[in-house]
1. Loop only by DSSP, 12 or fewer other Cβ within 10 Å of the Cβ. Give me the chymotrypsin sites (Phe, Trp or Tyr not before Pro) in segment 24-92 that pass, ordered by residue number.
2. Under a point-charge model restricted to the Cβ atoms of Lys and Arg (+1) and Asp and Glu (-1), what is the dipole moment magnitude of segment 65-192 relative to its Cα centre, in debye to the nearest 20?
3. Using a Förster distance of 22 angstrom, determine the FRET efficiency expected from the C-beta separation of F186 and R31, and round it to 0.05.
4. Loop-only GluC sites (Glu not before Pro) in segment 62-157, please: DSSP not H, G, I, E or B, and at most 12 other Cβ atoms within 10 Å.
5. Are any of the pairs K20/K132; K51/K177; K20/K51 more than 31 Å apart by Cα-Cα distance, and if so, which?
6. In the set (1) 9, 33, 30, 19, 8, 1; (2) 8, 36, 37, 15, 3, 0; (3) 10, 42, 39, 9, 0, which value of P(r) over Cα pairs in 10 Å bins from 0, in percent was calculated from the structure you see?
7. Say R0 is 35 Å: what FRET efficiency, to the nearest 0.05, do F24 and Y58 get from their beta-carbon distance?
8. Multiplying the sequence separation of T148 and E104 by 0.36 nm and subtracting their Cα-Cα distance, what value in nm do you get?
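Just so you know, all these numbers are worked out from the coordinates, no wet-lab data involved. Small disclaimer: the values here were computed from a predicted structure and weren't measured. Quick reminder, even Gly has a Cβ in these numbers, built from the backbone with ideal geometry, and neighbours come from all protein chains shown.
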Amino acid sequence: MNETIPRNQPKFHHKHATVKDYDFLEDDGFRYELINGVLNMAPSPIRIHQKIINDLSYIINDFLASDPIGELYPAPFDVQFNDKNIFQPDLLFVSKDRLHIITEKRVIGTPDLVIEILSESSYELDTKIKYKVYEESGVQEYWIVDPTKKSMKFYQLSGKSFKEIPYDTQYPSLVLKNFTIQPQHFFQNLSL
């Protein structure tokens, strides 16, 4: 690809891009993702989005401090699923025996757990497009957090498809063994 990628637009789509094009992007302070061969610039997250990332990071890292079964990374940290998809999940977890997929630059391969926090601009991406890539790539567990509805949905890979896992008051993670989260309690304690 020899064309110059525009930098002065608030949002752009550049068709038929690859990892090579993504790596050519300059660090201009914006967040980009390569989604099915299209470069997308993500808007800055709003306050509640960041608060949820911070609180989930704190809770999960507290668990990992006593049971170091892997590593958790918040966005922005790239995950290269293939030549046409590089995402920056809000949170990603890689188990200890798979840490070799983490490089200084990005994760090259499939995280064990991915967490996305919905926003108005990311709803379609997180619930359909990224959902499908996560599923096809073999992400073992996918959480979708909805700040508006104050709810969480949990998906576990069953064969080659995600299956939504119902829960009463708490969800026991498949990947973070011995870790449970109570979504209602989490949102009640979310201070803004």
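1. Numbers: sites: F24, F30, Y32, Y58, F63, F77, F81, F87; in loops: F30, F77.
For chymotrypsin sites (Phe, Trp or Tyr not before Pro) across segment 24-92 that sit outside H, G, I, E and B with at most 12 neighbouring Cβ atoms in 10 Å, the list is empty.
2. Values: 14 positive and 18 negative charges, 30 e Å.
Dipole of segment 65-192, to the nearest 20 debye: 140 debye.
3. Details: r = 25 Å, r/R0 = 1.13.
Between F186 and R31 the formula returns 0.30.
4. Details: sites: E71, E104, E116, E120, E124, E135, E136, E141; in loops: E104, E120.
Passing both the DSSP loop test and the Cβ count: E104, E120.
5. Details: K20/K132 23 Å; K51/K177 25 Å; K20/K51 33 Å.
Violating the 31 Å limit, Cα to Cα: K20/K51.
6. After the calculation, the listed value that fits is (2).
7. On the way: r = 36 Å, r/R0 = 1.02.
Here the calculated transfer efficiency is 0.50.
8. On the way: separation 44, 0.36 × 44 = 15.84 nm, distance 3.45 nm.
Length gained, T148 through E104: 12.4 nm.
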